[in-house]
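What follows is a set of notes on a single structure, which appears directly below.
The values are calculated or read from the model by the stated rules, or taken from the named source; none is laboratory data. Computed from a predicted model, the values in this text were never measured in an experiment. Using ideal geometry, Cβ is built from the backbone for each residue, glycine included, and neighbour counts are taken over all protein chains shown. Accessible surface areas use protein heavy atoms only, side chains included; no ligands, DNA or RNA. Shrake-Rupley method; radii C 1.70, N 1.55, O 1.52, S 1.80 Å.
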Amino acid sequence: MNSTKRYLITAALPYANGLKHIGHLAGAYLPADIYVRYLKAQKREVIFVCGSDEHGTAIPIQAKKEGTTAQAIIDKYHPIIKQNFEDLCIDFDIYHRTSAPLHHKTAQEFFKKLNDNGDLEIKETEQYFDEAEQTFLADRFIKGTCPNCGFEEAFGDQCEKCGTSLSPELLINPVSTLSGNAPIKKLTKHWYLPLNRHENWLREWILATHKNDWKTNVLGQCKSWLDSGLQPRAVTRDLDWGVKVPVEGADGKVLYVWFDAPIGYISATKQYCLDNDIDADVLWNDKDTKLVHFIGKDNIVFHCIIFPIMLKLHGNILPDNVPANEFVNLEGDKMSTSRNWKLEMQDYIDDFVKKENGGPQLVDVLRYYLTTIMPEAKDSEFTWKGFQDANNSELANIFGNFVNRSFVLMHKLCKGKVPPLHAGILDNKDEALIADIENAKIVIEKSIENYKFRDALFEVIDLARKGNKYMQEKEPWIVAKTLGENPQNQQLIDNCLHLCLQLTANLAIFVNPFLPNTARKLCKMMKVVDKMLEWQNGGRIKLLSVGYSLRAPELLFRKIEDEEINAQIEKLKNGAKHDAKSLLSKTESLRSETTPTVQKPAIQFDDFAKIDLRIGTIIEAEKIPKADKLLKLQIDLGNEIRTICSGIAQHFSPEEIIGKRVTVVANLAPRKMRGIESNGMILMAENSLGKLVFVNPDDEVENGVGVN
């Protein structure tokens, strides 16, 4: 068993600028909660910290949209997000907030230590300044015409119409969103963290030390950044919302949110320790602490490269693992708040949990389905039909059905008490079920320890499936009909139901990290205290005492009806229609201006058959020096890793395409590009806005599979 002395588990701090959707839940918070519940069931020392990220430009931008103040925004959304997590059984030991005085003090002390030690650099640069408002402008407070598609409302960091990443200098006719005036360039002084000083030890620590225990998508994104060369990154910015920079000559400057937000883990830990009389310094400084960050893939660079640099310079421990997840899509499309294509946690709570026929059961159904589709290695998809099927076919028909049958037959054939086990007449099927129970604990344990929560939960449901199969083969209800002639056959019934009830007790233990409400309900039915759910009890068949009377069975999972699912699909479509209508005229205008694609001459089937198309996954990506349009890709084609140069650098950054599924022309003749031999080509589609889109399969297929 693991010898770690203590665990410090963090989940990415959510921005308190709006409601959070189930993609956030599946990406960071649910896997972290499962892991923590498992550790606590193991009786290990663990602290689970999180909190609201309440600084950065996203907050004042949302305040402007709602016609209020930044403080009012965070005071509105912080308690809602906190309550959403509680309603869905995400059990943080502390849910803090970065607007708290303790956090400001902690972040300022952190900055000051690095600055005093000479770990930061000071630079003067020209930035846009609004003379009317007398303030420097963050990228999001600048709008102009996109140089790529001509959209006149593009922001200084990105065009929301064509998706092109921008900088304010690239905008045509930039104006301030605060005053509407054209900004001027003005010198300003800022502090920078020279990331480039740390490339050597980062490369060794990430790519060598953790090459076998960190996820492929995490290693690939880190390698891409390191291979591209790290650059100094501004730690401070000109803004009036955030943690004030605690040095002379820094008036009107705050710490960049990327710097102060992860320090929120430390300040949250400090608050927890103050509340519980614990030494916080030990947690963040002792090598016996195992630090694990649960995040989404958009946070990999910050938690694997930038924050570790900060921690090392500050004298703290480094993360042991960062099991970042990919994204969850919704009904065939990416979740988007701006397009209203989303399922917020609050919506699910209102529509299912708080309804008359909802309650804790429906919390566990969501947790179950999200775990089965958890995007551990690649993007996954939430569908309402899939949600319904997971509940009806798996939770109700397999798990719930097994438990119900065991209890009903126990009451009917064993007088409502746990029957004895007659060891002398155990047969091969009995022995096999006992072995399955023992082995399940080992497999589930190993999977959770390696952050493979989908595999672990599959093993739990598979154990219930084996229980159903065992009972069906034993047919105690048929055996009961022979008792008049052969009273000794009661022993066969006893053995079957004894093992089924012991399996049920084990299911409660194994499912507890995933479905805590279900585990507690099983404890109630078995008339046992929650202490039985301690992990050490799992894998045994002596959990329920012989002769102990159990309660009547209760429904664990109700069926979810088609009407409920259809209503949700309709609600999703109707919610998106409002945004679609507002974009329709623009889209039609754009379509009328778009040159139609000219159909190419017809070809024979034999011409097409010459092309070898195969499915692959991008595992590495890096920029090619002195080639603005090219990225060098390493693509896993199943039986080989293929190097391909692709002209997509102006559309995608290397780190955002790690893990993408692609279709590859595998038999294209090799071609030298910038001194690199490219062996193949990836297929892309270009939409009417000029945005490139990967051509990839909807369903799961293995790398190397051919396209016919």
* Structure fact -> When the charge dipole of the chain is computed with +1 on Lys and Arg Cβ and -1 on Asp and Glu Cβ about the Cα centre, the Cα farthest towards its positive end, among L88, L178, V546, belongs to V546
* Å³ per residue enclosed by the Cα convex hull of the stretch 395-550 -> 100
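Express in nm, to one decimal, how much length is gained between L683 and E564 on full extension, taking 0.36 nm for each residue of separation and deducting their alpha carbon distance.
Values: separation 119, 0.36 × 119 = 42.84 nm, distance 3.91 nm.
Contour length minus the Cα-Cα distance gives 38.9 nm.
What does the extension gain come out to for E160 and T337, with contour length at 0.36 nm per residue minus their alpha carbon separation? Each step should come with its number before you reach the end.
On the way: separation 177, 0.36 × 177 = 63.72 nm, distance 1.24 nm.
Separation in residues times 0.36 nm, less the Cα-Cα distance, equals 62.5 nm.
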* To do: Please give the net charge around N537, taking every other residue with its beta carbon less than 12 angstrom from that of N537, where Lys and Arg add +1 and Asp and Glu add -1.
  => +3
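In terms of solvent-accessible area of protein heavy atoms at a 1.4 angstrom probe, what is the ranking of R233, R661, R367, highest value first?
R233, R661, R367
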* To do: Assuming R0 = 60 Å, can you tell me the calculated FRET efficiency for the pair K626 and R6, based on Cβ-Cβ distance, to the nearest 0.05?
  => 0.75
* Structure fact -> Ranking G242, Y265, G229 by how far each Cα lies towards the positive end of the charge dipole of the stretch 202-339 (+1 on Lys and Arg Cβ, -1 on Asp and Glu Cβ), the top one is G229
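Take the Cα radius of gyration of the stretch 11-123 and divide it by 2.2 N^0.38 Å, with N its residue count; two decimals is plenty.
On the way: Rg = 16.7 Å, N = 113, 2.2 N^0.38 = 13.3 Å.
Against the compact-globule rule of thumb, the ratio is 1.26.
Of all the Cα-Cα pairs you can form in the stretch 316-424, what percent are over 16 Å apart?
Working: 4257 of 5886 pairs.
Result for the distance tail: 72 percent.
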* Asked: How big is the accessible area of K312 in square angstrom, nearest 10, if you roll a 1.4 angstrom probe over the protein chains?
  -> 110
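Using the heavy atoms of the protein chains and a 1.4 angstrom probe, tell me the accessible area per residue for the stretch 380-460 in square angstrom. Mind dumping the intermediate values first?
Values: 3550 Å² over 81 residues.
Accessible area per residue: 44 Å².
For the full complex of protein chains and a 1.4 angstrom probe, list E66, E445, E86 by accessible area with the highest value first.
Values: E66 70, E445 35, E86 90 Å².
Greatest to least solvent exposure: E86, E66, E445.
With a 1.4 Å probe and all protein chains left in place, how much of the accessible area of the stretch 448-537 comes from carbon and sulfur atoms, in whole percent?
Numbers: 1740 of 3380 Å².
Within the stretch 448-537, the accessible surface is 52 percent carbon and sulfur.
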* Given labels modelled 7 Å from the Cα in the Cβ direction, how far is it in nm from R197 to Q491? -> 7.8
* **Kirkwood Rh (inverse of mean 1/r, distinct Cα pairs), the stretch 213-259, angstrom** => 13.1
* **Simple label model, 7 Å out from Cα along Cβ direction - H422 to A435, nm** => 2.4
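As an exercise, use a Förster radius of 60 Å and the Cβ-Cβ distance of E66 and K412 to find the FRET efficiency, rounded to the nearest 0.05. Intermediate values should be presented prior to the final figure.
Working: r = 60 Å, r/R0 = 1.00.
The formula returns an efficiency of 0.50 here.
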* To do: Taking the Cα centre of the stretch 237-290 as origin, work out the dipole magnitude from +1 charges on Lys and Arg Cβ and -1 charges on Asp and Glu Cβ, in debye rounded to 20.
  => 220
* Give me the percent of Cα-Cα pairs in the chain that sit more than 43 Å apart, rounded to a whole number. => 34
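Using a probe radius of 1.4 Å on heavy atoms only, what accessible surface per residue do you get for the stretch 503-571? Whole Å² is fine. Numbers along the way, then the final one.
On the way: 2950 Å² over 69 residues.
Solvent-accessible surface per residue comes out at 43 Å².
Counting alpha carbon pairs within less than 8 Å and at least 6 residues apart, what relative contact order, in whole percent, applies to the chain? Write down the numbers at each step before the final one.
Details: 1238 pairs, mean separation 93.7, N = 708.
Relative contact order of the chain: 13 percent.
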* Asked: Using 20 Å as the cut-off for backbone N distance, which residues of the stretch 56-86 belong to the label zone defined by a point 7 Å from the Cα of K244 along Cα→Cβ?
  -> 56-57, 60, 70-72
* **Unit Cα scatterers, Debye sum, the stretch 84-193: log10 I(q)/I(0) for q = 0.15, 0.18, 0.22 Å⁻¹** => -0.86, -0.92, -1.02
* **Radius of gyration, Dmax [the stretch 372-445; alpha carbons; angstrom]** => 17.9, 52
* Asked: Which of the cysteines found in the chain have nothing to pair with, since no other Cys Cβ lies under 4.7 Å from theirs?
  -> C50, C89, C222, C273, C304, C414, C496, C500, C523, C645
* Structure fact -> To the nearest 10 degrees, the tilt of helix 257-276 (Cα long axis) against the first principal axis of the alpha carbons of the chain is 40
* Size of the dipole of the stretch 135-237 about the Cα centre, Lys and Arg at +1 and Asp and Glu at -1 on the beta carbon, nothing else charged, in debye to 20? -> 320
* **Label point distance in nm, E45-A669, each placed 7 Å from Cα along Cα→Cβ** => 6.8
* Structure fact -> Counting Lys and Arg as +1 and Asp and Glu as -1 over every other residue whose Cβ sits under 13 Å from the Cβ of C523, the net charge comes to +3
* To do: Could you work out, for the stretch 248-316, what percent of all Cα-Cα pairs fall into each 10 Å distance bin, beginning at 0 Å and stopping at the bin that holds the largest distance?
  => 17, 45, 30, 8, 0
* Whole-Å semi-axes of the stretch 1-65's equivalent ellipsoid, largest first, each the root of 5 times a Cα gyration tensor eigenvalue? -> 32, 12, 7
* Structure fact -> Given pairs K20/K334; K290/K542; K20/K385 and cut-off 25 Å on Cα-Cα distance, the over-length ones are K290/K542
* Folded to 0 to 90 degrees: helix 30-41 orientation relative to the chain principal axis, Cα -> 50
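Once the other residues with Cβ under 11 Å from the Cβ of C273 are scored (Lys, Arg +1; Asp, Glu -1), what is the net sum?
Values: positive: K270; negative: D93, D275, D277, D279, D281.
Surrounding charge for C273 is -4.
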* Within the stretch 650-679, whose backbone N sits under 13 Å from a point 7 Å along Cα→Cβ of D612? -> 664-670, 679
* Asked: Looking at P194, I434, T98, which one has the Cα that reaches farthest to the positive end of the dipole of the chain (charges on Cβ: Lys, Arg +1; Asp, Glu -1)?
  -> I434
* Structure fact -> Contour minus Cα-Cα span, D462 to T643, at 0.36 nm per residue, comes to 61.2 nm
* Structure fact -> XL table K223/K623; K632/K672; K65/K573; Cα-Cα > 18 Å flagged, in table order, is K65/K573
* Structure fact -> The rounded separation in angstrom of the Cα centers of the stretch 516-541 and the stretch 397-460 is 13
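Just to confirm, what accessible area per residue do you get for the stretch 184-305 at 1.4 Å probe, in whole Å²?
41
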* Asked: About its Cα centre, what dipole magnitude does the stretch 604-708 give when the only charges are +1 on Lys and Arg Cβ and -1 on Asp and Glu Cβ, stated in debye to the nearest 20?
  -> 580
* Show that you can apply the helix-only estimate: for the chain, add -39,500 (n - 2.57) for every DSSP H stretch of four or more residues, divide by all residues, and state [θ] at 222 nm to the nearest 500. => -11500 deg cm²/dmol
* To do: Using only the alpha-carbon atoms of the stretch 226-358, report the extent along each of the three principal axes, biggest first, to the nearest angstrom.
  => 55, 38, 36
